[in-house]
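Student: The structure is given below, and queries will be raised subsequently.
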Amino acid sequence: METESGNQEKVMEEESTEKKKEVEKKKRSRVKQVLADIAKQVDFWFGDANLHKDRFLREQIEKSRDGYVDISLLVSFNKMKKLTTDGKLIARALRSSAVVELDLEGTRIRRKKPLGERP
C-alpha cells in the first residue's frame, strides 16, 4: 500500500515539473515574440519611409545634438504601450537592430545611418 501511494506521488511530481517546464517554454516563446515585435516596430518608426512622413519623430531626432531619442519617448507611443512599457525590454530588443543603435547606458537610441533625401 505504501509503495503504491509513493509511486503516485512520484508520478504527480514528475507531471508537475513537466507542466512547469512547458509553462516556462511558452513564457520564453512569448518574450521572444514581444522582443521581435518591438524591434520590428522601432525599425519601422526609424526607417527611411516613415521618418520622411513622421514630422514629430523627425523633430525629436533633430532636437538632440547627437540624434539620440530617449526610449521613454517610445514608451509613450500607443503602439508601444500595447507591447510593453519596460524601457529595459525595449533596449534588449534593439541590441541587434540593423536600423538603430543604443547609447552606452541603453536609455537612448538613434539611427545608425543618417536620414537620406526624400525619395
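Student: Restricted to region 17-65, and to residues that are of a type in the set (S, T, N, Q) and either modelled with pLDDT under 85 or more than 22 Å from residue 88 (Cβ to Cβ) (or both), which residue is surrounded by the most Cβ atoms within 10 Å (Cβ to Cβ)?
Tutor: Selected residue: 50.
Student: Moving on. Does region 89-98 hold any residues that are in contact (Cβ under 8 Å) with a residue 24 or more places away in the chain, part of a loop (DSSP other than H, G, I, E, B) and either of a type outside the set (Ser, Thr, Tyr) or touching a Lys or Arg at 6+ places or on another chain (Cβ under 7 Å) (or both), and which are they?
Tutor: Scanning region 89-98 gives a single hit, 98.
Student: Can you tell me which of (1) without any contact (Cβ under 8 Å) to a residue 12 or more places away in the chain; (2) more than 13 Å from residue 46 (Cβ to Cβ) is the one residue 101 doesn't meet?
Tutor: (2)
Student: Scan region 34-48 residue by residue and report those that are among the aromatic types (Phe, Trp, Tyr) and in a helix (DSSP H, G or I).
Tutor: Those that are among the aromatic types (Phe, Trp, Tyr) and in a helix (DSSP H, G or I): 44, 45.
Student: Is there any pair with a first residue in region 32-53 that is at positive phi and free of Cβ contacts under 8 Å to residues at least 60 places away in the same chain and a second that is surrounded by fewer than 18 Cβ atoms within 10 Å (Cβ to Cβ) and of a type in the set (Asp, Glu) whose Cβ atoms are under 6 Å apart and which are 6 or more apart or on different chains, and what are they?
Tutor: Nothing qualifies.
Student: Another one. Hey, could you check region 70-115 for residues that are basic (Lys, Arg) and surrounded by 15 or more Cβ atoms within 10 Å (Cβ to Cβ) and say which is farthest from residue 56 (Cα to Cα)?
Tutor: So, considering only residues that are basic (Lys, Arg) and surrounded by 15 or more Cβ atoms within 10 Å (Cβ to Cβ), the one farthest from residue 56 (Cα to Cα) is 92.
The values are calculated or read from the model by the stated rules, or taken from the named source; none is laboratory data. It should be emphasised that the depicted structure is a prediction, and the values quoted were computed from it without experimental measurement. All Cβ positions, glycine included, derive from the backbone under ideal geometry; neighbour counts span all protein chains shown.
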